[in-house]
1. I need 36, 68 ordered by Cβ neighbour count within 10 Å, fewest first.
2. Relative contact order, percent, of the stretch 29-68 when contacts are C-alpha pairs under 8 Å separated by at least 6 residues?
């Protein structure tokens, strides 16, 4: 099963499962839950940078997605 869970312009995050069983951590969070949580933190930081005038909106969002991939692999 392949599922696109977030899309921003040309950047998208895709989760692919071979056996339809999500990986679950000790707290019961699934892989998708953890991805959403981490992306949420990066998006909050991107929005803060835009609000404070540090970065343009598009650049901040691109950085959030790039940071996610950089730190998650």
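1. Lowest count first: 36, 68.
2. On the way: 23 pairs, mean separation 17.5, N = 40.
This gives 44 percent for the stretch 29-68.
Laboratory data are not the source of any read-out in this text; all were calculated from the coordinates shown. The model shown is predicted, which means the values in this text are computed figures rather than measured ones. Here the Cβ is made from the backbone with ideal geometry for all residues, glycine too, and neighbour counts use every protein chain on show.
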